[in-house]
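Please read the structure below before turning to the comments.
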Amino acid sequence: MNSSMVSATDKYSISYTEEITGIVKVHVYKTGILEVQWYDGLDEIDLKSMQQLMECVRKVGKGEKVCLYMSVNEFVTITMDALSYAASKECEDLTLANAVLVDNLAKKLVFNFYLRVNKPGTPTKTFGTKEEAFDWLISFMN
């Protein structure tokens, strides 16, 4: 799907939401993009939380690869096991591309460290705005 063919209304229009109570909401947009929204009260993303997220992605995507957009709460930490799993072949098989909102220097440093250490096989990029991220993700979709 070409980003110029997607109306602004459709680009940000949510079709439905899947939820893992206390952990994450996954919003499914009409474009097919999945937005990962971790709960505000979550202070650490561990391996189990990441596995639950990816099971939700598998369910929502019906086994097909999807584009993920995510932002991280201000004070959330991510365990090394969760980071390694996020870069694994299992997760790679579920995602076409990953866009991450990085709205401050601390998040940027953490995410750049993740990219250097884990080297995900799926195209993964940081963005300063949701609009830039969605335009980039849409470029990966048919």
Any residue that is exposed (fewer than 15 other Cβ atoms within 10 Å of the Cβ), over 30 Å from SER13 (Cβ atoms) and small (Gly, Ala, Ser) - is there at least one of those in region 122-132? no
For region 92-119, pairs from a residue that is in contact (Cβ under 8 Å) with a residue 40 or more places away in the chain to a residue that is in a helix (DSSP H, G or I) and crowded, with 18+ Cβ neighbours inside 10 Å, with Cβ under 7 Å and 6 or more apart or across chains, are LEU94/MET54; LEU94/VAL57; ALA97/LEU137
State yes or no: is MET54 hydrophobic (A, V, I, L, M, F, W, C), surrounded by fewer than 14 Cβ atoms within 10 Å (Cβ to Cβ) and out of contact with any Pro (no Cβ under 8 Å at 6 or more places or on another chain)? no
On the given criteria, is LEU34 in contact with a His (Cβ under 8 Å, 6 or more places away or on another chain), surrounded by 15 or more Cβ atoms within 10 Å (Cβ to Cβ) and within 17 Å of GLU18 (Cα to Cα)? yes
If I filter region 69-77 for residues that are modelled with pLDDT of 90 or more and on the phi < 0 side of the Ramachandran plot, do I get at least one hit? yes
Just to check your reading of the model, which residue among ALA82, ALA87 is free of Cβ contacts under 8 Å to residues at least 40 places away in the same chain, farther than 22 Å from SER13 by Cα and touching a Pro at 6+ places or on another chain (Cβ under 7 Å)? ALA87
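The values are calculated or read from the model by the stated rules, or taken from the named source; none is laboratory data. Keep in mind that this is a model prediction, so the values were computed, not measured. Every residue, glycine as well, gets a Cβ built from its backbone with ideal geometry; the counts of neighbours run over all protein chains shown.
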